[in-house]
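Down below is the structure, laid out as structure tokens.
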Amino acid sequence: MKITVLTVGKLKESYLKDAVKEYAKRLGKYCRLEMEEVADEKAPEHLSPAGEKGIRSKEGERLLKKIPENAFVITLEIEGEEISSVKLAQKIESLGISGISHLAFVIGGSIGLGEEVLQRSDYALSFGRLTYPHQLMRVMLLEQIYRSFRIINKEPYHK
Ligand SMILES: C[S@@+](CC[C@H](N)C(=O)[O-])C[C@H]1O[C@@H](n2cnc3c(N)ncnc32)[C@H](O)[C@@H]1O
């Protein structure tokens, strides 16, 4: 299966880059992983709702261009569905069995995902109602994808 992780903005912190590199290496055993970054928009402190919408929309257009037509799109959304790691593993496995060969996970920028991307989404996944920084979400998502493949392959992983 091919997995694309689509994100907004460049990863800045070296400790996050190291973690992403480590999980990307581990995932190489299970899938073809592709990490795609699109440019972020400058978001000043006090933006109007219209200003925020404009930023989400510009970043959203860039994200949409990177989403292949045949991909099953999983957007990371705070208000999405909260599921266990086992359920996420089952979901990835059953999508593969149903003939889906490409999963695209999409993480929003600092002010979230635009309407266009939400409309293209096939499934909204939540990591809980807490808000996490988008850069950290990359690491958390890769860890959960890795955990999923360990579960699917009935391989041990620390609980
Ligand atoms: C800093 S958050 C954006 C916050 C923005 N106010 C919103 O409501 O989307 C950046 C991105 O990280 C992801 N994210 C952050 N916390 C999350 C959570 N608990 N569950 C799922 N995705 C999350 C989402 O993709 C979000 O667009």
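The values are calculated or read from the model by the stated rules, or taken from the named source; none is laboratory data. Computed from a prediction, not measured in an experiment: that's the story for all the values here. Cβ: placed from backbone, ideal geometry, glycine included. Neighbour counts: every protein chain shown. With ligands, DNA and RNA removed, areas are computed over all heavy atoms of the protein, side chains included. Shrake-Rupley method; radii C 1.70, N 1.55, O 1.52, S 1.80 Å.
Summary of values
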{"quantity": "Overall form of segment 6-75 per C-alpha gyration tensor (a/c, 1.5; a/b vs b/c)", "calculated": "oblate"}
{"quantity": "Heavy-atom accessible surface of the chain: percent carbon and sulfur, 1.4 Å", "calculated": "52"}
{"quantity": "19 Å Cα-Cα reach of residue 21 towards lysines, excluding residues that sit fewer than 8 places from it in its own chain", "calculated": "2, 10, 12, 29"}
{"quantity": "DSSP-defined beta bridges in the chain - what % are antiparallel, rounded to 5", "calculated": "5"}
{"quantity": "Dipole magnitude of the chain about its Cα centre (Cβ charges: Lys, Arg +1; Asp, Glu -1), debye to nearest 20", "calculated": "660"}
{"quantity": "Inter-centroid distance (Cα atoms) of segment 27-53 relative to segment 122-157, Å", "calculated": "17"}
{"quantity": "Accessible area per residue, Å², segment 2-152 with all protein chains present, probe 1.4 Å", "calculated": "54"}
{"quantity": "Radius ratio Rg over Rh of segment 55-104, counting only Cα atoms, Kirkwood formula for Rh", "calculated": "1.04"}
{"quantity": "Cα gyration tensor shape of the chain, rounded if a/c is under 1.5, else prolate or oblate by comparing a/b with b/c", "calculated": "prolate"}
{"quantity": "Cα long-axis angle, helix 14-27 against the chain (0 to 90 degrees, to the nearest 10)", "calculated": "40"}
{"quantity": "Crossing angle, helix 134-152 versus the chain [Cα axis fit, 0-90 degrees, rounded to tens]", "calculated": "20"}
